[in-house]
Amino acid sequence: MTSAPFWKRKTLAEMDTREWESLCDGCGKCCLVKLEDERTGKVHYTDVACRLLDTDSCRCRDYAHRARRIAGCVKLSAKDVTAFHWLPSTCAYRLVAEGKDLSWWHPLISGDPESVHRAGVSVKGRVLRESDVANVKKRIVRWPA
């Protein structure tokens, strides 16, 4: 008899670093520029990628130093789980925090890190670089959430 996968057995706070990091599906949605409505608190996603996002792999080009290099870069932590509402509904961190299972295309389920791209869930081929955008406010999109 096999035990349930770690994300079903453990809370986010109980996960070790390897488990925590493996929850990231590589979609790149958290690396999109987001705008918050100061009146309502609602977060709006844009199709503008952080300058560190490799838009082919949908991974950060300097993950270890991202918070030092990018003002406002959010480092997810189990301590902040109540603030995960801004994450896309497909995000594994949000799903696990809400007691839900991972999607079929998540690399931990599929065994293939490219499945997130083939499923059309990632930002691959759908984003612009920050340097190519004059007015981010005009780039709000609905598809990431």
Open item on the list: Could you tell me how many of the residues in the stretch 127-144 are assigned to a helix (DSSP H, G or I), more than 11 Å from LEU35 (Cβ to Cβ) and touching a helix residue (DSSP H, G or I) at 6+ places or on another chain (Cβ under 9 Å)?
Closed with: 1
Open item on the list: Out of the residues in the stretch 2-17 meeting the condition of being among the charged types (D, E, K, R) and within 14 Å of ALA92 (Cβ to Cβ), tell me which one is surrounded by the most Cβ atoms within 10 Å (Cβ to Cβ).
Closed with: LYS10
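Within the stretch 56-77, is even one residue surrounded by 18 or more Cβ atoms within 10 Å (Cβ to Cβ), under 14 Å from the mean Cα position of the chain (by Cα) and β-branched (Val, Ile, Thr)? Before the answer, list the steps.
To start, the set of residues in the stretch 56-77 that are surrounded by 18 or more Cβ atoms within 10 Å (Cβ to Cβ) comprises 58, 60, 76.
Retained after the next criterion (residues that are under 14 Å from the mean Cα position of the chain (by Cα)): 58, 60, 76.
Filter again for β-branched (Val, Ile, Thr), leaving none.
The answer is no, given that none of the residues of the stretch 56-77 is surrounded by 18 or more Cβ atoms within 10 Å (Cβ to Cβ), under 14 Å from the mean Cα position of the chain (by Cα) and β-branched (Val, Ile, Thr).
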Open item on the list: Can you tell me how many residues within the stretch 72-123 are assigned to a helix (DSSP H, G or I), of a type in the set (Ser, Thr, Tyr) and farther than 19 Å from VAL43 by Cα?
Closed with: 2
Open item on the list: Can you confirm whether HIS106 is over 14 Å from the mean Cα position of the chain (by Cα), modelled with pLDDT of 90 or more and either surrounded by fewer than 18 Cβ atoms within 10 Å (Cβ to Cβ) or more than 19 Å from SER131 (Cβ to Cβ) (or both)?
Closed with: no
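From the set of residues in the stretch 17-51 that are in contact with a His (Cβ under 9 Å, 6 or more places away or on another chain) and assigned to a loop (DSSP other than H, G, I, E, B), which is modelled with the lowest pLDDT? Outline the logic, then answer.
Residues of the stretch 17-51 that are in contact with a His (Cβ under 9 Å, 6 or more places away or on another chain), as a first pass: 23, 25-27, 34-37, 43.
Within this subset, residues satisfying the condition of being assigned to a loop (DSSP other than H, G, I, E, B) are 23, 25-27, 37.
Numbers: LEU23: 96, ASP25: 96, GLY26: 95, CYS27: 96, ASP37: 90.
This residue is ASP37.
The values are calculated or read from the model by the stated rules, or taken from the named source; none is laboratory data. None of the values given here were measured: they were computed from a predicted structure. Glycine also receives a Cβ, built like all others from the backbone with ideal geometry; neighbour counts cover every protein chain displayed.
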